[in-house]
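Encoded as structure tokens, the structure appears first; notes follow it.
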Amino acid sequence: MKNRRDFLRNTLGLGAGLAASPHLFAASQESGAGMDMKHMDQVAEHGNSQMVSVKTPDVAQLPWRTDGNVKEFHLIAEPVKQEISPGRIVDLWGYNGSAPGPTIQVNQGDRVRIIVDNHLPEATSMHWHGFEIPNEMDGAPGSTQDPIPPGGRYIYEFTLHQEGTYFYHSHMAMQEMVGMIGAFIMHPKEPYKPRADKDFAIIMQEYAILPNINVPNSMNMEFNWLTFNGKSGPANTPLIVRHGERVRIRLINLGMDHHPIHLHGHQFVVTGTEGGRQPQSTWGPGNTVLVGVAQSRDVEFVASNPGDWMLHCHLPHHMMNQMSSMVGPMSRRNGMPAGLDMERGMGMLRQGSATSEENGPSLGRGMGVGSTAEQTMSNSPLKAENPMPQQDMPDMQPQGMQMGKPDVSKDANSVPGFPQDAFMEGPMMAMDQMIDKPENFGLRPGWSGFMAGMMTFVRVLPQDKYDEIMELRKKREGNKPMKMDMPGMEHQHE
Ligand SMILES: [Cu+2]
């Protein structure tokens, strides 16, 4: 909180005015304190007891208060610290403390008011993606409203006659690229048939964040961090379902790439798009659905096959984290130049591509101070020429990370194509302990070494295993202070 205030003061040159006004910031911190907490019960109502509320793993639920016949929500656009992977905390922009922002759930026919406060250092505007609402509520900056200035507020209010998987996002393009989106679920008046037992939402985002830097490059066209709900695999929370349950997953994409999302072990049908429910006559079996930019896709399946099944984007580069060109070669050769003069260090290249041998390991590493292109850097204990036993390298082993023996053949270095540019020697990266949580209980040891980027599990569990995980989850919840932003959602339907 203090940092955020300092950030605004420093970045904006804001004086006491905004920065010292405590209530503006208190709202974002407590996210619901002072609001009518009766909504806890209302979540379950949805006008129909058959309805299952949607879970967005790793993302909070936005509470509301009731004002007459209006559901009132409060969103705060602000800089956030988002831990996308254990220890990798990056500076994004989001809503109410996270990127993506909290999930909003309403019922078809609801009258909704959304108060949007802008705590960003620049103007913003909120667009309600796919909503059929009056033009002046559309959030298109310039054409339907003045942008919301820093420190400003805009109040949106409309009645929603639609149903389906929608989302809200900033309508400033560069703000979209640093995190500013959230899910907006409209539950139908009449429950969908067949009824789903579990209903999940996953938002896909991608960031270009160079090593040693915490701020994404919003103009980049290539991405090295790929996230589901603000977490890169294996840090995201698996979807836990009972054997035999019908499962709906709502996939939402806002970035620069289209993502073919693939589920192992099951066939699913696509039952909805960003325009709402599709007629059953259009449902055909598949196991991969292309979720284009600005689209949503609902998929449904019966979890008929027990096991831990991967759910992931199938673009190979999106199944990796922190893709850095030359990682492979650096791990196997005796040294690579790492350090450039100021201009090139900041990305202004005179020659060669950003991934060339001379530029690749050096870009974004520094300002050229105290480093020269002549200096070679040893980046890994895995030099083929002087292999060092792992136990002699305690510094190379972050706590909780299991550095396995690289599983490569003796003559690997003589095989053309080895090592590949971003080759991470898989098991080295296993971090089971760092991401220990109830939902991961019982996974095969070392599982996390091969989960990266847009990748998680659908865990189809027999009743006893399912109960065990729910029990663990309850215990863990018991140790925490009450979370105001996750109102009763966890224990209502399980
Ligand atoms: Cu992808």
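The values are calculated or read from the model by the stated rules, or taken from the named source; none is laboratory data. It should be emphasised that the depicted structure is a prediction, and the values quoted were computed from it without experimental measurement. Note: ideal-geometry Cβ built from the backbone for every residue, glycine included; neighbour counts use all protein chains shown.
Listed here are the strands (runs of 3 or more DSSP E) enclosed by the range 1-115 that have at least 3 residues being under 19 Å from the mean Cα position of the chain (by Cα), modelled with pLDDT of 50 or more and under 30 Å from I209 (Cβ atoms): 70-85, 88-95. Condition test on G276, is it modelled with pLDDT of 95 or more, surrounded by fewer than 19 Cβ atoms within 10 Å (Cβ to Cβ), away from the ligand (no atom under 16 Å from the Cβ) and not acidic (D, E)? When the stated conditions are applied, G276 passes them. Scanning the range 208-225 for residues that are touching a helix residue (DSSP H, G or I) at 6+ places or on another chain (Cβ under 9 Å), more than 25 Å from Y166 (Cα to Cα) and within 16 Å of the ligand (Cβ to nearest atom) turns up E222, N224. Scanning the range 286-326 for residues that are within 14 Å of the ligand (Cβ to nearest atom), assigned to a loop (DSSP other than H, G, I, E, B) and crowded, with 18+ Cβ neighbours inside 10 Å returns Q295, M320, N321, M323. Identify all residues within the range 241-263 that are under 13 Å from V458 (Cβ atoms) and more than 16 Å from the ligand (Cβ to nearest atom); write none if there are none. Listed by number, the residues that qualify are V241, R242, H243, E245, R246, V247, R248. Condition test on Q205, is it more than 16 Å from R277 (Cα to Cα), in contact with a strand residue (DSSP E or B) (Cβ under 7 Å, 6 or more places away or on another chain), within 16 Å of the ligand (Cβ to nearest atom) and not aromatic (F, W, Y)? Yes. Count of the range 226-240 residues, restricted to those that are touching a helix residue (DSSP H, G or I) at 6+ places or on another chain (Cβ under 8 Å) and away from the ligand (no atom under 13 Å from the Cβ), is 4. The set of residues from the range 134-169 being assigned to a strand (DSSP E or B), touching a Phe, Trp or Tyr at 6+ places or on another chain (Cβ under 8 Å) and either small (G, A, S) or surrounded by fewer than 20 Cβ atoms within 10 Å (Cβ to Cβ) (or both) comprises Q145, F158. Applying a threshold of 7 Å to beta carbon distances and a minimum spacing of six or more residues, or different chains, the list of pairs starting in the range 214-233 at a residue that is under 16 Å from N321 (Cβ atoms) and ending at one that is of a type in the set (F, W, Y) and surrounded by fewer than 24 Cβ atoms within 10 Å (Cβ to Cβ) reads S232/W225. Of all residues in the range 102-155, those being over 18 Å from P188 (Cβ atoms) and of a type in the set (K, R) number 2. For the range 193-209, the condition holds for at least one residue, the condition being that it is in contact with a Pro (Cβ under 6 Å, 6 or more places away or on another chain), touching a residue at least 40 places away in the same chain (Cβ under 8 Å) and not in a loop (DSSP other than H, G, I, E, B).
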